[in-house]
Amino acid sequence: MAETVPAIAVRGVCKDFGGFEVLRDIDLDIAPGTTTCILGPSGSGKSTLLRCLNWLDAPSAGSIRIDGEPIGRIGTDKAARPMDRRALAAARTRIGMVFQHFALWPHLTVLGNVTEAPVHVLGRPRREAEAEGRSILARVGLAEKADMYPHTLSGGQKQRVAISRALAMRPRVILFDEPTSALDPEMVGEVLGVIRELAREGLTMVIVTHEMSFARDVADTIVFMEGGCIREVATPHDFFTAPRTDRAKGFILRGSSTPEPPLKKA
Amino acid sequence: MNGFQVVWENRDVFLWGAGNTVSLVLGCLLLSLPLGVLAAVVLTEAAAPLRRLLAELVDLLRCVPFLLLAYVVYYGLPELGLRLDSWWAGLVSLTVYTTAYLAEIFRSAFRAVAKDNIEAAQAFGLSRSLLYRRIILPQVAITAAPMIGNQIITTIRDSALLMIITVQELTFAANFVSANHFTPFAPFAAAVGLYLLLSFLVEAGVRRMERVRMVRYG
Amino acid sequence: MTWPAIRTILDGAVVTAALAAVSILLSLPLGLLIALLRWRRVPVVAGLLATVVSVVRATPFVTLVLFVYFILPSAGLELDPVPAAILALTLNTAAFSSEIWRSALQSFPRDQREAALAFGLSEAGTFTRIVFPQIWRANLGPLVSEVTILLKCTPAVAVIGVVEITRAASRVGAETYEPLPPFLVATLIYTALIAAIVRGQRVLERRIARRFGAVSP
């Protein structure tokens, strides 16, 4: 049987913040072309795990491979050495990220935000990057906002710009860190719509979210985390209709309609 | 008025003095702005021992009275074998002094840049050099403009102290004319007027940056 | 450097510090008064004060000192260098500190004042019991910065002949034909003084923060 290289391979990842264990021995494979939603209560470590995938937070132990290439650390645990800064930056260009609070660069226009990394990190010619940027913005419905500054946009529009910014890098995988948690309810739909469209197009995505019905609808795989561990990995159908652990059952019952307050980083 | 006639007759002295004030301040800014940014980057990014050393140095420099520093440079340069015009002593002392203050201003301005901005830049693979050049410094240039404007006005005021080490700037000119013509009011009033003009120009520049800030950040 | 020479410089330092101390005691309350008059928009006076403050803030201190010293006789006031120096220092620092007080008064939460008035406190009472105790603590940092700036300005009064640290160092230098060492000593002494005050300010701020919590309104 031909083995496809997982888009992301996580092995034995642990993370502690000053003695407090946030991630315990995480093993996970993300298959290419799939959408994975990570669900779990506050403090379960889901955002921390996501941020480890592109090494924004460095795991205390374990390894992560993107398309088979290690990121952050080279070598096995005993002989591991941290990646040098340039290699890490290069590795990160293959991973897109969308942040909970958008993290747009306020001194650049919308188009400026979208083309900044392609031009200055990947070295694409400006004209080509701008043309591609405009077409991506058109896909998410923001063509006419290209030359405006981020502060003039609504939250939902800002997040769509953030998604366009990630897409412009043509990454292997895009990470979403609670993409709709900071949005007013009426704007959640427009962002989820864009993500749904990307899933349909076969983009590899890892989404940390509270939107349970959305996860049920869009995900190929649900990863349920609690207390720093992965408790269940299943298809949405299996997870929502027949959760195996009590914790998962309790979580599903509590529902997704209560917006959780933004997590304070430990 | 007699006094103002005297000022008008000696306008070339005043213009020469004002010219020196402006050239000293501009020369100082040309050097201290990039040096201040560099110092702030070191204060933010360097290894802990170097950072602490530089921080102590900057703190200490900000406690030195400028006049005494100017004297030390004025008498110190010849000891180093540099027989320079007092204008250069003025420039060196002004630059050292202003750099320390600008380093502090830039350092706190760097810290004020939103953390998620920086994280997003890192997530997109921007190197540290790109991060500073394209994300941090452009924002800092706009947000720190009022504080930099204040510092420029302070530098203009400090430049007057250089008259005491015989630099022929504006206050020196006013004092010279006043002493030679026994009409104190007009020359000093004229000098004050010119300082007001310079101050006004700086504040106008800050207001323009404020408008840019409104357009970009709302 | 000989001990008598160092003594001369130290004496000069004491004079400078004394001048500064007197000016601080006079200028901080004066600055507060100016700020109050402008904040309450007292007719004519407020506008006049605004202009004077703007001019003084834009003028270099040494120019102000010369101006005060040479102009006053024409206005009928013959002053010795020392009183003239104190006058100039006071005017200078009052102008700058009035801006600090003014911004503190303007940003003071309106509802606290209204609550005080609603409970029957007079305007004066509101100020002394509610407003002032908070704003002086909240603005301790900027105010002490002003004090250190005043201290750094003070050597400039040498230009009108006041014998303080700068003149003392000059004198020693003229006597020994080696001007650098006395000025280095003067710089060290004076910088140490200011550095001590800055450290003291930080300790004081931390103590206030511990008692009252982060005080910025």
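What follows draws every value from the coordinates through simple rules; no lab data is involved. Because the structure is a prediction, the values reported are computed rather than measured. Here Cβ is always computed from backbone atoms with ideal geometry, including for glycine, and neighbour counts include all displayed protein chains.
Summary of computed values
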read-out	value
Fraction of antiparallel bridges per DSSP, the protein assembly as shown only, in percent to nearest 5	55
For segment C:188-203, Karplus couplings with θ = phi - 60° (6.51, -1.76, 1.60), whole Hz, Gly/Pro x	4, 4, 5, 4, 4, 4, 5, 4, 4, 5, 4, 4, x, 4, 5, 4
Within segment A:201-232, GluC sites (Glu not before Pro) in DSSP loop having at most 16 other beta-carbon neighbours inside 10 Å	A:Glu201
Values of log10 I(q)/I(0), in the order q = 0.12 Å⁻¹, for chain C under a Debye, Cα-only, solvent-free model	-0.75
Most mobile listed residue (C:Val53, C:Val42, C:Val82) in chain C, GNM with C-alpha springs under 10 Å	C:Val42
Alpha carbon convex hull of segment C:48-95, volume per residue in cubic angstrom	69
Principal axes of chain A: Cα extent on each, largest first, Å	50, 46, 44
Segment B:143-218: chymotrypsin sites (Phe, Trp or Tyr not before Pro) in DSSP coil with no more than 11 other Cβ atoms inside 10 Å	B:Phe182
Stokes-Einstein diffusion coefficient of the protein assembly as shown, Kirkwood radius over Cα pairs, 25 °C, 0.890 mPa s, in µm²/s	82
Sorted by Cβ density within 10 Å, fewest first, the residues C:Arg113, C:Arg199	C:Arg199, C:Arg113
Sorted by Cβ density within 10 Å, fewest first, the residues B:Arg83, B:Arg11	B:Arg83, B:Arg11
For segment A:51-57, 3J(HN,Hα) per residue [Karplus equation, 6.51 cos²θ - 1.76 cosθ + 1.60, θ = phi - 60°, Hz, x = Gly/Pro]	5, 6, 4, 10, 6, 5, 10
Chain C, relative contact order in percent, only Cα pairs under 8 angstrom and at least six apart counted	32
DSSP bridge pairs, chain A: antiparallel proportion in percent, nearest 5	55
Shape box of segment A:21-85 [Cα atoms, principal axes, largest first, Å]	35, 31, 21
Candidates A:Gly40, A:Gly227, A:Gly133, ranked by Gaussian network fluctuation over chain A, Cα under 10 Å, top entry	A:Gly227
Cut-off under 5 Å, modelled amide H: who pairs with A:Val22 long-range	A:Lys15, A:Asp16, A:Phe17
Rel. contact order, % - alpha carbon contacts under 8 angstrom, at least six apart, segment C:72-177	31
Links that overshoot a 29 Å alpha carbon limit, given the list A:Lys249/B:Lys115; A:Lys15/B:Lys115; A:Lys15/A:Lys158; A:Lys46/A:Lys249	A:Lys249/B:Lys115; A:Lys15/A:Lys158
Axial C-alpha extent at least 30 Å, average Kyte-Doolittle at least 0.0 - helices from chain B (DSSP)	B:11-45, B:86-112, B:185-217
Cross-link partners of A:Lys145 among aspartates and glutamates (Cα-Cα below 14 Å; sequence separation of 8 or more within a chain)	A:Glu130
Amide hydrogen neighbours beyond the local backbone of A:Asp67, cut-off 5 Å, H modeled	A:Ile8, A:Ala9
Calculated from backbone phi, Karplus (6.51, -1.76, 1.60) coupling profile of segment C:137-144 in Hz, x at Gly/Pro	5, 5, 9, 4, x, x, 5, 5
Long-range tail of P(r) for chain B (Cα pairs > 33 Å, %)	28
Theoretical ellipticity at 222 nm over chain A - DSSP helices of four or more residues, -39500 (n - 2.57) apiece, nearest 500	-10000 deg cm²/dmol
Length-normalised contact order of chain A in % [C-alpha pairs under 8 Å, at least 6 apart]	25
Relative exposure of B:Trp8, C:Trp3, B:Trp16, C:Trp101, judged by other C-beta atoms within 10 Å (fewest first)	C:Trp3, B:Trp8, B:Trp16, C:Trp101
Max mean-square fluctuation residue, GNM over chain A, Cα-Cα springs under 10 Å, options A:Leu192, A:Leu53, A:Leu253	A:Leu253
